[in-house]
Amino acid sequence: MSAVFTVANKEFHDGLRNRWVLSICIIFAVLAIGLAYFGAAAAGKVGFTSLSSTIVSLASLAVFIIPLIALMLAYDGIGGEDENGTLLLLMTYPLSRWQLLLGKMMGQGAVMAFSTLVGFGSSAVMMGIFSDTTSWGELIGPYAVFIFSAMLLGWIFIAIAYVISASVSEKSKAAGIALIVWFLFVLVFDLGLLGMLVATQGNVDETLFPYLLLLNPTDIFRLVNITYFADQNLSGLMAIAQQTQFSTVSLFGGLLAWLALPLGLAMMIFNRRGL
């Protein structure tokens, strides 16, 4: 495994040199702190509101930005190396294809994990310092669940990006497919389910319909973070899913399954890829 960690270390330091880590940390921190502090501005309130409202709002924000950043971070991991002519050079080193692929994923996954921890963790720190209604003890559990599930979501889309990158040889094509994938998972899937509700006028099987959300990792991520807060008045798909009472453990199992599937698929495609 030393070869895997060597590749991972290189990828992480490349992220530092290319300012990926700094950029993602700043994006996450600014958006997280801004949303936590100004999230209730529409209701005429400015300041840190309840913990449940903050976490649910952050989860709704993370659903859009984490998959996009993860895909843009890793979409050229294989195809870009091939197009630049460095993939052939890398394969001359004493490491197998799975070690190269896993090492690159782990390195870029470390970039996402570190940035997620620092960026979103900053809102927890600010809330703990300046909020009059939330103690440090109340922050730790919900924020730990939120940050870990956000890391998993980022890793899932990094793995999906490597499926794309291993399948094509041009960076431009990989970038286009990555944006389509983001659009499908983040917007189109839920719109399709909402369209089903509208078309049937809500007459759907309430025991089966919520399980369709498990087909989308972004919806599983949101479900993980609303299971802690039954006091939230949710609407749409999340309101239906909340009635099913998925356990947090089973939802994390769903995220891990979504991580394993594209990871295995990317390795299979890369092993069959010609150089």
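Against the condition surrounded by fewer than 16 Cβ atoms within 10 Å (Cβ to Cβ), at pLDDT 85 or above and either out of contact with any strand residue (DSSP E or B) (no Cβ under 8 Å at 6 or more places or on another chain) or aromatic (Phe, Trp, Tyr) (or both), how does Ile69 come out, does it pass? Show your work before the answer.
Working: surrounded by fewer than 16 Cβ atoms within 10 Å (Cβ to Cβ): no; at pLDDT 85 or above: yes; either out of contact with any strand residue (DSSP E or B) (no Cβ under 8 Å at 6 or more places or on another chain) or aromatic (Phe, Trp, Tyr) (or both): yes.
Taking the combined requirement at face value, the residue does not satisfy it.
Part of a helix (DSSP H, G or I), farther than 12 Å from Gly77 by Cα and open to solvent by 10 Å² or more (accessible area, probe 1.4 Å), is that true of Met126?
Numbers: part of a helix (DSSP H, G or I): yes; farther than 12 Å from Gly77 by Cα: yes; open to solvent by 10 Å² or more (accessible area, probe 1.4 Å): yes.
So Met126 passes the test.
Would you call Leu90 under 18 Å from Asn271 (Cβ atoms), over 17 Å from the mean Cα position of the chain (by Cα) and open to solvent by less than 30 Å² (accessible area, probe 1.4 Å)? Spell out how you get there, then give the answer.
Working: under 18 Å from Asn271 (Cβ atoms): yes; over 17 Å from the mean Cα position of the chain (by Cα): yes; open to solvent by less than 30 Å² (accessible area, probe 1.4 Å): no.
No, not satisfied.
Can you name the helices (runs of 4 or more DSSP H) wholly within region 216-275 that have at least 1 residues being crowded, with 17+ Cβ neighbours inside 10 Å, modelled with pLDDT of 90 or more and of a type in the set (Phe, Trp, Tyr)?
Details: elements: 217-226, 237-244, 248-272.
By residue number, 217-226, 248-272.
For every residue, the table says whether it meets (1) open to solvent by 40 Å² or more (accessible area, probe 1.4 Å); (2) assigned to a helix (DSSP H, G or I); (3) under 29 Å from Phe5 (Cα atoms).
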| position | (1), (2), (3) |
| --- | --- |
| Leu95 | no, no, yes |
| Leu100 | no, yes, yes |
| Gln108 | no, yes, yes |
| Leu117 | yes, yes, yes |
| Glu138 | yes, yes, no |
| Tyr143 | no, yes, yes |
| Gly154 | no, yes, yes |
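What are the pairs with Cβ atoms under 7 angstrom where one residue, in region 167-192, is in contact (Cβ under 8 Å) with a residue 12 or more places away in the chain and open to solvent by 60 Å² or more (accessible area, probe 1.4 Å) and the other, located anywhere, is among the charged types (D, E, K, R) and assigned to a helix (DSSP H, G or I)? Sequence gap at least six, or different chains.
Ser169/Asp82; Ser169/Glu83; Glu170/Glu83; Lys171/Glu83
Regarding Val163, is this residue within 19 Å of the chain's Cα centre (by Cα), hydrophobic (A, V, I, L, M, F, W, C) and open to solvent by less than 40 Å² (accessible area, probe 1.4 Å)? Explain how you work it out, then say what you get.
On the way: within 19 Å of the chain's Cα centre (by Cα): yes; hydrophobic (A, V, I, L, M, F, W, C): yes; open to solvent by less than 40 Å² (accessible area, probe 1.4 Å): yes.
Answer is yes for this residue.
The values are calculated or read from the model by the stated rules, or taken from the named source; none is laboratory data. Treat the numbers as computed from the prediction; the structure is a model and nothing was measured. Every residue, glycine among them, receives a Cβ derived from its backbone with ideal geometry; neighbour counts consider all protein chains shown. Side chains included, ligands, DNA and RNA excluded: accessible areas come from the protein's heavy atoms. Shrake-Rupley method; radii C 1.70, N 1.55, O 1.52, S 1.80 Å.
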